[in-house]
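These notes are about the structure you will find just below.
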Amino acid sequence: MDVAMEPAAKAALEKSTGPLAQQIEKLVLRKIADDSLALPALPSAIARCMELLKDASAEPKEYVVVLETDPMLAARVFRMANSAAFGGTQRSATLMAAVTRLGLKRLKTLLLQAASERLFISKNASIAALAASVWQHSVAVALIARDLCALTARSDSEEACIAGLLHDVGKPIVASVLLEAERQIVELRGSAWIGSEEWTYVLARTHRAVGVAVAQKWELPEVVRTTVRDCSEFDAANRASLANVLCFANALAKTAGICPPLTDIEDAKALVLIGRSLLGVEEQVVGSLSSTIKGRVAEVA
Amino acid sequence: MPRVMTVDDSRAVRTIIAKQLTALGCEVEEAEDGKAALDKLQDIAVDLVLLDVTMPVMDGPAMLAGLRQSGNRTPVIMLTSEAKRSVIAEALKLGIDDYILKPFKPEELAEKVKKSLNLAGGSAPAADEGEAAVTLPSPAAGAATTEGKQFIDVLVVDDMENVAKRLRALLPSHVTLHAVMSAQAALAACKERVCRVILVDYDLPDVSAALLSTQLKVLQPHAAVVALALKPPNTAQFVSEVQAKGFADALYKPFSPETMEDFVQQYFDKQDLLVREDNLVRLGSFNGKPERMERYFTRLDSLFPPALETIAAACFEGVVVDLSQATLHPERMPRLLASVSSRCSNMGLRVLVVGGTDVKKLLGGYEETKGIPCFADTTSAKAQAA
Amino acid sequence: MKPLPDPETLAKLVSNVTTTMLGIAFRPVVGDPTPPQDREWKTALLAIPGGRPITIGLASDLESGHQLCAAMFQCPSRDVDAAMMEDSLRELTNMTAGLVKNVLSLDQSLGLPKILPGSAMPSRGAPPHTQSVMLQADRLGLLLWVSEGAHG
């Protein structure tokens, strides 16, 4: 839970809001089960590209045909291929050149980043600010998790990156459910519903299940789903799990100052310390990751 | 000898810790609970405390609170089976340096103890720049770890195999090269070898190149870490960008013989351009294409100041500059010598030059250099400058 | 509320501790037979009090306990005494309990391990309120169980 407060206050909040959180959790899970929760589908162009990515024999021109149907996505592919990181003199003049330059691995991450980002854009003013900050945080977690995997002899940096992008994807969706419930109650009773601390508590309790459901709907690998599901806590018995990497990256992004509102920084610091021991991360790696992450998020998000 | 106290109700754990830390060269004190530890610490000072959480009589958090209340700021590492976040968060507020979760591996204990005690082989203590500080080992610590390791001139980190192949084809055969294709392999190579230059693909797919560069520099503090990138439209701006991210410079793809010639000169021919022996500075010749002459003098400009500082620090009266092998550009060489003469004057050093009649003629042509004495051989010049 | 870990998970938790600390990997005994009654046993119990009280028990026969203790203290077997053996069993229980607590996502503090008097084979409950596993590494044997509620 992300709310910064003393243990006694936490216990009181759990007592007062726990039943409500359970009800909302049940409601959301039921909606997921009977397919009545409006889970976002992958945008069609992205879905078709993801299908192509499963086919090893797919040619770059096939991606180009699909990308041309989504000008926003095509522009994003151009932008990344022509970014400073890829050099500039030989700018990709065609979409084909841009796709070839990026390579399929980067294209996949770019597609999922584009798909995830759309979920964090809300027309509702009450959610928009929260969603925007959660998106920045998600990008930070994705980058930290990816780099950590690359630096510690792991081969699952791509899955780490995707799971990082999606680990909080349930938050804006649950926030919409909560807002709708609030609107109905306020209309019915004419009174205010719950305060921001309770709101955040319910969100924290409920959002992971939705994130897993989104990952399932998008047919992402099993490891991504389990990582999103399990990344709230460290698993001390399975030190090398990807969920532990993500839990650590999540905490580190928070201590580096890229965090959603009402984050418990003391709790995040404790998680970083525990995670360093569990995962064997050296202090100077933590320092490097922390000191560079804000700039890197600004480049990507 | 650093003194470490282990506070744990398990004699087995205290024994394991004592054996490991004694092997590291530490003196180890033992206490079986928090109260016994506080009592002992009234009589003896230690450099580090390894503290369990759950213990009879007085637990770890209570002992830590008591320690801090008494004004004792000795570094503490928590070593415990307890991973309850609120317990660790409270301990952090009271000031713990680190945390080790049981069961623990000997390497983790050794690494964290060495780091906390600032012993060789552990990471250096964090700089006092807040949480975001990146810590690097001291050059001395880096040098100590380089003994007995294989030396390589160039380590290439690029996920494209042909990059290293192309480099190998363009580099002179005496320049040794080792290629790896991932961040992890690069880190492993840097633990096993000593490198002069590390070329890092600026666009590695799975990791931030800047982050990797920082980690490589920790392992290889004396190596130049250079970004490998496609040539951007504005190279000056790009070099500033990569330098801000910790790289020494940039090298552009695709490689050409000319860029590689520059690269080799920059990193591998330095020693031949300017060689110092006591107060004698010998300049090497320039063998490249005429249009690259400016780089030769720019490099000499940059190599002179540290050489002069060393000579001044050794209390010589003068510096002898041997130009007998140097390339005598009619404008650039006098300008270089004028700059050296001015710098020497500020340091209280005289400048004497060794060279033939062509050198004498060259110096005599400019106001700033015509007063510099010129000798036919180094022996007579050194006799004047001792 | 997460269910108590199954025998396979319990075996992994113990082996995680013994592999890291002693370099000894335990595996579950197939069929989970009743431990031999004719041997003498040492048993350590550790309670995790709180909203969901849990008790963890770890028992070893004397010969196994002797050898594990020698490995823990990194000393010859002949130097092991009863106090050392009890100490190492308590610490193995403590470390295992930390992992059990983590698997159950319990936000509760660990209690202190204690040695049960006597040398009888410990009695253990049955699922769903207790989960247990017999473990083996060559000739070494251990019995681990986890129960709902505070016992001992």
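Here are the numbers for the structure shown:
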read-out: Residue-averaged 222 nm ellipticity for the protein assembly as shown, from DSSP H runs of 4+ at -39500 (n - 2.57), nearest 500; value: -16500 deg cm²/dmol
read-out: Relative contact order, percent, chain B [alpha-carbon distance under 8 Å, six or more residues apart]; value: 8
read-out: Computed FRET value (nearest 0.05) for A:Lys105 with A:Ala240, which takes r as the C-beta separation and R₀ as 22 Å; value: 0.45
read-out: With every protein chain in place, the protein assembly as shown: carbon and sulfur % of accessible area (1.4 Å); value: 53
read-out: Anisotropy class of the protein assembly as shown from Cα gyration tensor, a/c 1.5 cut; value: oblate
read-out: Pairwise FRET efficiency - B:Asn118 versus B:Glu317, Cβ, R0 = 56 Å, nearest 0.05; value: 0.85
read-out: Extension reserve of the A:Leu29-A:Ser126 stretch, reckoned as 0.36 nm per residue once the Cα distance is removed; value: 32.6 nm
read-out: Surface per residue (accessible, 1.4 Å probe) for segment B:51-119, Å²; value: 34
read-out: Area accessible to solvent at C:Cys69, 1.4 Å probe radius, in Å²; value: 0
read-out: Projected label distance in nm at A:Lys294 and A:Glu222, using a 7 Å step from Cα toward the beta-carbon; value: 4.2
read-out: Solvent-accessible area buried by pairing A with B, both sides, nearest 100 square angstrom, 1.4 angstrom probe; value: 3800
read-out: Residues along segment B:158-203 losing 40 Å² or more of accessible surface when the other protein chains are present rather than the chain by itself (probe 1.4 Å); value: B:Gln184, B:Asp203
read-out: Cα-based helix-to-principal-axis angle, A:71-81 vs chain A, degrees rounded to 10; value: 70
read-out: Which of A:Tyr63, B:Tyr252 is most accessible, then next, and so on - probe 1.4 Å; value: B:Tyr252, A:Tyr63
read-out: Largest to smallest accessible area among B:Lys40, B:Lys84, B:Lys93, C:Lys12 [probe 1.4 Å]; value: C:Lys12, B:Lys93, B:Lys40, B:Lys84
read-out: Amide proton proximity set for B:Asp249, modelled H, under 5 Å, gap of 5+; value: B:Ala227
read-out: Euclidean distance between Cα centres, segment A:121-198 to segment B:271-331, Å; value: 61
read-out: Shape call, segment B:3-117: gyration tensor on alpha carbons, a/c limit 1.5; value: rounded
read-out: Accessible surface of B:Thr310 - all protein chains present, 1.4 Å probe, nearest 10 Å²; value: 60
read-out: For segment B:141-268: relative contact order, % (alpha-carbon pairs under 8 angstrom, 6 or more apart); value: 24
read-out: Solvent-accessible area lost in complex, 40 Å² minimum, residues of segment A:136-152 relative to chain alone, 1.4 Å; value: A:Arg146, A:Ala150, A:Leu151
read-out: Rounded if a/c under 1.5, otherwise prolate or oblate - segment B:162-295, Cα gyration tensor axes; value: prolate
read-out: Rounded to the nearest 10 Å², the accessible area of A:Leu279 at probe 1.4 Å; value: 40
read-out: Residues listed by number, segment B:342-386, amide nitrogen under 20 Å from B:Glu331 label point at 7 Å toward C-beta; value: B:359, B:361-370
read-out: Mean accessible surface per residue for segment A:183-301, computed with a 1.4 Å probe while every protein chain stays in place, in Å²; value: 38
read-out: Principal-axis tilt of helix A:104-119 within chain A, Cα atoms, nearest 10 degrees; value: 40
read-out: Unit charges on C-beta of K, R, D, E only; dipole of segment B:270-385, Debye; value: 200
read-out: Under 19 Å from the C:Gln108 label point (7 Å along Cα→beta-carbon), backbone N, segment B:78-102; value: B:81-88
read-out: Loss of accessible area when C meets B, both sides summed, Å² nearest 100, probe 1.4 Å; value: 1900
read-out: Helix axis angle, C:62-73 relative to chain C longest principal axis, alpha carbon, degrees; value: 90
read-out: Full-stretch length increase - C:Glu8, C:Asp138 - with 0.36 nm per residue and alpha-carbon distance subtracted; value: 45.0 nm
read-out: Probe 1.4 Å, all protein chains present, accessible-area order of A:Glu159, B:Glu107, largest first; value: B:Glu107, A:Glu159
read-out: Distance in nm between pseudo-label sites at B:Ala65 and C:Leu116 (7 Å out along the Cβ direction from Cα); value: 3.5
read-out: At R0 = 35 Å, FRET efficiency that the Cβ-Cβ distance of B:Asn287 and B:Tyr366 yields, to 0.05; value: 0.85
read-out: Accessible area expressed per residue, segment B:159-299, with surrounding protein chains retained (probe 1.4 Å, Å²); value: 44
read-out: Cα-projected label distance for C:Asp38 with B:Ser173, points at 7 Å along beta-carbon direction, nm; value: 7.8
read-out: Potential lengthening between A:Ala56 and A:Arg79 on full extension [0.36 nm per residue; Cα-Cα distance subtracted]; value: 5.8 nm
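The values are calculated or read from the model by the stated rules, or taken from the named source; none is laboratory data. Source: prediction; values computed, not measured. Here Cβ is always computed from backbone atoms with ideal geometry, including for glycine, and neighbour counts include all displayed protein chains. Calculation scope for accessible area: heavy atoms of the full protein, side chains included, ligands and nucleic acids excluded. Shrake-Rupley method; radii C 1.70, N 1.55, O 1.52, S 1.80 Å.
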